[in-house]
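Written out below as structure tokens is the structure these notes cover.
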Amino acid sequence: MTRWADVDAPWRAALGLAWAAYAADTTPVGAVLVDGSGAVVAQGINARYRDDADVPLAGSHLAHAEVLALGGLSSQRSYPEHVRYTTLEPCLLCVGAAVMSNVGRVVFAGTDPYGGATGFPADLNAHLRRCGTTFSGPFDDELGTFAAALHVEFYLRRKPDGHVVAAYAEHARPLPSGACASPDLALRGGCGRHAPGRGLRRRARHVRRAYLTIMTGQCAWWATRSAVEPSR
């Protein structure tokens, strides 16, 4: 079982942001940027469905956590020593943002079989060959499980018969044995000031059930269960 205290600081920060996004009813993704010394120098929280959020591009399709984490980087230099940690596999927009910002490495925790775009050809164009941004993930452990579970549960509630849910169902795979035994990675005082209250603890249990459900192909069953949404 993974203990929150044993999770590396960048991942604790990114997961905390993802949890805050989930609590705010927007796509639950968080991202942080770390420099060569290992210090967190920027962060981003998804605000795609938050018109009232005090972040750039809030309420637009471009308000992705990874993009917002990179928005403050100067165009006057490259960042080969920087690493962007993101809780979910980057989409085309977020892959492009890392490459065009000349960030050296991107690490992601959870899989996204619908929008994930890290399988692009590394020699697609001259800039990609010169920049050399590398991508690694997803994690086949509790961090990856939890990050993907947030994403699955959000769309199971938002649109259970939609394309995102269908993609997870199509790519269902067995869970790692360790993940099955530990459903509360971020429920035991983790995620800092965003630790869930009673209502969010109930929703967190739904997150856990959602991932187990989608991975066993029981989407129809979950759609009926998710009609009654727990209060926050």
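The values are calculated or read from the model by the stated rules, or taken from the named source; none is laboratory data. Predicted model, so just to flag it, every value in this text is computed and none were measured. Note that each Cβ is placed from the backbone with ideal geometry, even for glycine, and that neighbours are counted across all protein chains shown. We work out accessible area using only protein heavy atoms, side chains counted, and drop any ligands, DNA or RNA first. Shrake-Rupley method; radii C 1.70, N 1.55, O 1.52, S 1.80 Å.
Descriptive notes on the structure:
- Any hit, segment 47-64, residues being closer than 21 Å to A9 by Cβ and in contact (Cβ under 8 Å) with a residue 24 or more places away in the chain: no
- Close Cβ contacts (under 6 Å, 6 or more residues apart or on different chains) running from residues in segment 20-43 that are within 19 Å of L143 (Cβ to Cβ) to residues that are surrounded by fewer than 19 Cβ atoms within 10 Å (Cβ to Cβ) and small (G, A, S) comprise L33/A42.
- Test: D112 is charged (D, E, K, R), touching a Leu at 6+ places or on another chain (Cβ under 6 Å) and more than 24 Å from G36 (Cα to Cα): yes
- Selection count, segment 51-73, where residues are over 20 Å from the mean Cα position of the chain (by Cα) and either modelled with pLDDT of 95 or more or surrounded by 14 or more Cβ atoms within 10 Å (Cβ to Cβ) (or both): 1
- Test for V29: is it farther than 18 Å from L150 by Cβ, within 17 Å of the chain's Cα centre (by Cα) and modelled with pLDDT of 95 or more: no
- Residue in segment 112-126 that is hydrophobic (A, V, I, L, M, F, W, C) and crowded, with 20+ Cβ neighbours inside 10 Å present: no
- Filter result for D8 (open to solvent by 20 Å² or more (accessible area, probe 1.4 Å) and either at pLDDT 95 or above or within 25 Å of L73 (Cα to Cα) (or both)): yes
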